[in-house]
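Chemist: Shown below is the structure under consideration.
The values are calculated or read from the model by the stated rules, or taken from the named source; none is laboratory data. As the structure is a prediction and not an experimental result, all values here were calculated from the model. Glycine also receives a Cβ, built like all others from the backbone with ideal geometry; neighbour counts cover every protein chain displayed. Heavy atoms of the whole protein, side chains included, go into the accessibility calculation; ligands, DNA and RNA do not. Shrake-Rupley method; radii C 1.70, N 1.55, O 1.52, S 1.80 Å.
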Amino acid sequence: MSSSNFRSLTIILLILLLGWSSTFETCEARRGKHWRHSRNFPTSLSKKKGKNHVSSHHHSSGSKSKSKTPSPVAPAPPATKPKDDVPPSPPTQDHNYVAPATFHVLDFGAKGDGKTDDTKAFEAAWAAACKVEASTVVVPSDYVFVVGPVSFSGPFCQNDIVFQLDGTIIAPTNFKAFGSGLFQWIQFTKLVGITVQGKGVIDGRGSIWWQHSSLEDPLDDEAKLIVPLNSTVEKSLPVPISSSLGMMPSIKPTALRFYGSFNVTVTGITIQNSPLCHLKFDNCLGVSVYNITVSSPGDSPNTDGIHLQNSRDVLIRTANIACGDDCISIQTGCSNVYVHNVNCGPGHGISIGGLGRDNTKACVSNITVRDVNMHNTMNGVRIKTWQGGSGSVQGVLFSNIQVSEVQFPIIIDQFYCDKSKCKNQTTAVALSGITYERIRGTYTVKPVHFACSDSLPCTEVTLNAIELKPVQEKYHMYDPFCWRTFGELYSATVPPIACLEVGKPSNNRIQSNHELC
């Protein structure tokens, strides 16, 4: 090979080598430019890209061969574009999820025609729901179900059962259905997480019970204080009813009762015309009652709206209660009770007690009643105890109570007696730490009545911002009354309550250990 040919071949090889090197650098530069560009993307897109990359790697064959160069990422949408324009990603489905079971009473043979006895159908629906956690018993709207005495019972039922009441449940009018007497008509007992809710109605059809009521039914002791009115009030006699209804049982039933249950909720429903108390909680822990209506005539005997006994951690709010006795009655064994936003009337107001009957021990503590409207009631806020009892009531707050045409807005009565005569006794349920604040409105008989025990006077009774005026000035009204009541006025009151004694009693009897709570 000549030297000229050799030089030509060398030049050609040199040119090819330089061209290949330039091409390699250009590709590497483009790759570097691409990755630098990806780092400048918004954080959310960068994270999204990273997830795709991981997911792709997860589904690869697992070889260590070089992965392909990622394709360019689309530019981010303009910052002004609303987020709502981006379609949401489909929800992730949990294939292990099972919808709560529902049990319709109609599927178990209920007719809902207002005539047929549907008790067995309700019992069958409950028996099925009892086996399934978070199940629902459905009582549909637009039906009227006749249901006799029934108990929806645990303790072997699953938790968190819902009783969805949208229809109407009515009680039988024949006394024979109640035998010799029952304490309740509809009862839920020994359950955990039971909820009764809906827009339905429980109607006890109590008028036949009230008409045939015993003449020995006790009346509120405060009626004795209305001396000027007693002579003008005619007592109505019981109206006889047909013998075809059977003999009236010795015990009248409560319409709806919960016993021995945890985390109880009652909401939305209406309870009306109960033979006795409308809604009762016995030995329950964790009770929530809201957005309910209780309705019966003001002259229906002993028809308490809500009755609490031996129950703790109770919330009652946003309720309309009209009845013939206490709108809310708080009995022994109750603590941590909070009542607010309640309309009460007609009725006998909101009461703690009577406590200590038949020389029993009563313990009530930490009770708050506030933001309540009372119209045309016998009493406003009241504490009543029997002579001879023991125990204590302490830590009570009555706040922001608006009264209208109430006979006795504020009452403490430690001489309570619903009989014709009660004997004097030295022991008593001790009362202390009772606060009344912002109680305003009109009364028809007496604004304040404090009658405390001779041996155990009331202590730490405080009043603040009390403004109570008679409905009509021209009528004779009673002045505030205090007996053995010790405490303090934090502001001037209307009318002046000069009878409250300052400090503590000097001869206050000390309770023995067995009397203390």
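Chemist: What does the convex hull of the Cα atoms come to per residue for region 364-500, in Å³?
Modeler: Expressed per residue, the convex hull around the Cα atoms of region 364-500 is 102 Å³.
Chemist: Also, quick follow-up: Quick one, what does Rg over Rh come out to for region 310-392 if you take C-alpha atoms and the Kirkwood Rh?
Modeler: Using only Cα positions, Rg/Rh for region 310-392 is 0.99.
Chemist: Please go through the residue pairs K120/K280; K120/K252; K280/K504; K115/K419 and name each one whose alpha carbons sit more than 30 Å apart in this structure.
Modeler: As for pairs spanning more than 30 Å Cα to Cα, those are K280/K504; K115/K419.
Chemist: List the relative contact order of region 344-455 as a percent without decimals, with contacts defined as Cα pairs under 8 Å and 6+ residues apart.
Modeler: 30 percent
Chemist: Taking a ≥ b ≥ c as the square roots of the Cα gyration tensor eigenvalues, with a/c under 1.5 meaning rounded and otherwise prolate when a/b beats b/c, else oblate, which class fits region 278-318?
Modeler: oblate
Chemist: Taking the mean number of other Cβ atoms within 10 Å as a proxy for protection, how do you rank 282-288, 151-157, 403-409 from highest to lowest?
Modeler: Most protected by this proxy first, the peptides run 403-409, 282-288, 151-157.
Chemist: I'd like the FRET efficiency for S506 and E133, computed as 1/(1 + (r/R0)^6) with the beta carbon distance as r and R0 of 35 Å, rounded to 0.05.
Modeler: Plugging the Cβ-Cβ distance into 1/(1 + (r/R0)^6) gives 0.05.
Chemist: Compare K280, K176 by solvent-accessible area with a 1.4 Å probe and give them largest first, with all protein chains kept in place.
Modeler: Order by accessible area, largest first: K176, K280.
Chemist: Where a ≥ b ≥ c are the square roots of the eigenvalues of the C-alpha gyration tensor, would you call region 246-405 rounded, which needs a/c under 1.5, or, failing that, prolate if a/b is larger than b/c, or oblate?
Modeler: Rounded, since a/c falls under 1.5.
Chemist: Another question about this same structure. At a threshold of 8 angstrom on Cα-Cα distance, excluding pairs fewer than six apart, so keeping six or more, what relative contact order does region 390-492 reach in percent?
Modeler: That works out to 31 percent.
Chemist: Label points 7 Å out from Cα along the Cβ direction at T173 and A465: separation in nm?
Modeler: According to this spin-label approximation, the distance is 5.0 nm.
Chemist: Continuing with this model, one more query. For region 446-487, just list the percent of Cα-Cα distances falling in each 5 Å bin from zero outward, please.
Modeler: Going from the shortest bin to the longest, the percentages are 6, 19, 24, 20, 15, 10, 5, 1.
Chemist: Now a separate question. Assuming a ≥ b ≥ c are the square roots of the Cα gyration tensor eigenvalues, decide whether region 143-195 counts as rounded (a/c under 1.5), prolate (otherwise, with a/b larger than b/c) or oblate.
Modeler: oblate
Chemist: N336 to N366: extension gain in nm, 0.36 nm per residue of separation minus the Cα-Cα distance?
Modeler: Answer, rounded to one decimal: 10.3 nm.
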